[in-house]
Amino acid sequence: MIKIKKATKAHTETLALLARTTWAESHGQYIDDKNDLLTYLNKNFSTSRIEQGINNPKLLFYIVYVNDLPVGYAKLIVNATNKYVKSQYNCQLERIFILNDFIPLKLGKQLIDFVEEKAKSLQLDAMWLTVYIKNNRAIRFYEKNEFIHVGNVNFVVSGKAYDNIVFSKRL
Ligand SMILES: CC(C)(COP(=O)(O)OP(=O)(O)OC[C@H]1O[C@@H](n2cnc3c(N)ncnc32)[C@H](O)[C@@H]1OP(=O)(O)O)[C@@H](O)C(=O)NCCC(=O)NCCS
């Protein structure tokens with residue numbers, strides 16, 4: 001059975017491990033220097049950083065469970081501006097990550113539909129995100145879910161720039 005729950009302080013450790021593991025699984029291969037990867041993981045997915053995020057009212061985290069196991073999550077930033085996105089009432093889908101073992105279940109669609117509904121319920125009318133140009137599966141997924149390529153930005157990991165696409169969608 002699939003459930004999606006909003007993360008609270010009680011989910012801090014679960015979310016930190018899920019966030020770290022999914023990022024390493026899906027993006028670790030792109031980072032040439034493994035020390036850079038470790039630095040990025042340690043900085044961004046510590047329990048203190050995740051707890052700060054959960055406590056920030058502008059950030060919304062949702063965890064997806066399969067038979068009560070946490071297998072993926074999404075992170076939404078409310079009112080995150082981007083020069084390529086015209087709407088004032090927008091949000092950034094900063095992260096949507098499923099553990100590798102559970103990717104065959106195709107949970108992405110349920111999770112993205114869920115966060116889009118949440119965003120609409122907050123009166124937001126646009127959602128944007130960035131995706132690494134080599135992440136073909138995610139690019140295909142966003143295109144299928146009607147996101148439009150509106151620009152390009154650099155995503156910096158330990159001082160190195162990685163070319164990312166900006167996708168946006170009217171809600
Ligand atoms: C991105 C993600 C949330 C999408 O969820 P999902 O449930 O896997 O998505 P779907 O299966 O509906 O769609 C993926 C599509 O990419 C296709 N695909 C899979 N591998 C691919 C590849 N290497 N190249 C191109 N397309 C690929 C799939 O066939 C599918 O398209 P189809 O439905 O037309 O066959 C999920 O794959 C994930 O968590 N990936 C790892 C983390 C990640 O990269 N997150 C995004 C960061 S921006």
Rounded to the nearest 500, what is the 222 nm mean residue ellipticity of the chain from helices alone, with -39500 (n - 2.57) per DSSP H run of 4+ residues and division by all residues? -10500 deg cm²/dmol
So, by mean Cβ neighbours within 10 angstrom, what's the order for 70-83, 98-111 with the highest one leading? 70-83, 98-111
What does the range 2-170 give for Rg and for Dmax, in Å, if only its C-alpha atoms count? 15.3, 42
What whole-number distance in Å separates the alpha-carbon centres of the range 1-46 and the range 81-118? 16 Å
Of the heavy-atom accessible surface of the range 2-170 (probe 1.4 angstrom), what whole percent is carbon and sulfur? 51 percent
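The values are calculated or read from the model by the stated rules, or taken from the named source; none is laboratory data. Worth saying up front: this structure is predicted, and the values here are computed from it rather than measured. Note that each Cβ is placed from the backbone with ideal geometry, even for glycine, and that neighbours are counted across all protein chains shown. Remember, those area values only see protein heavy atoms, side chains included, never the ligands or the DNA or RNA. Shrake-Rupley method; radii C 1.70, N 1.55, O 1.52, S 1.80 Å.
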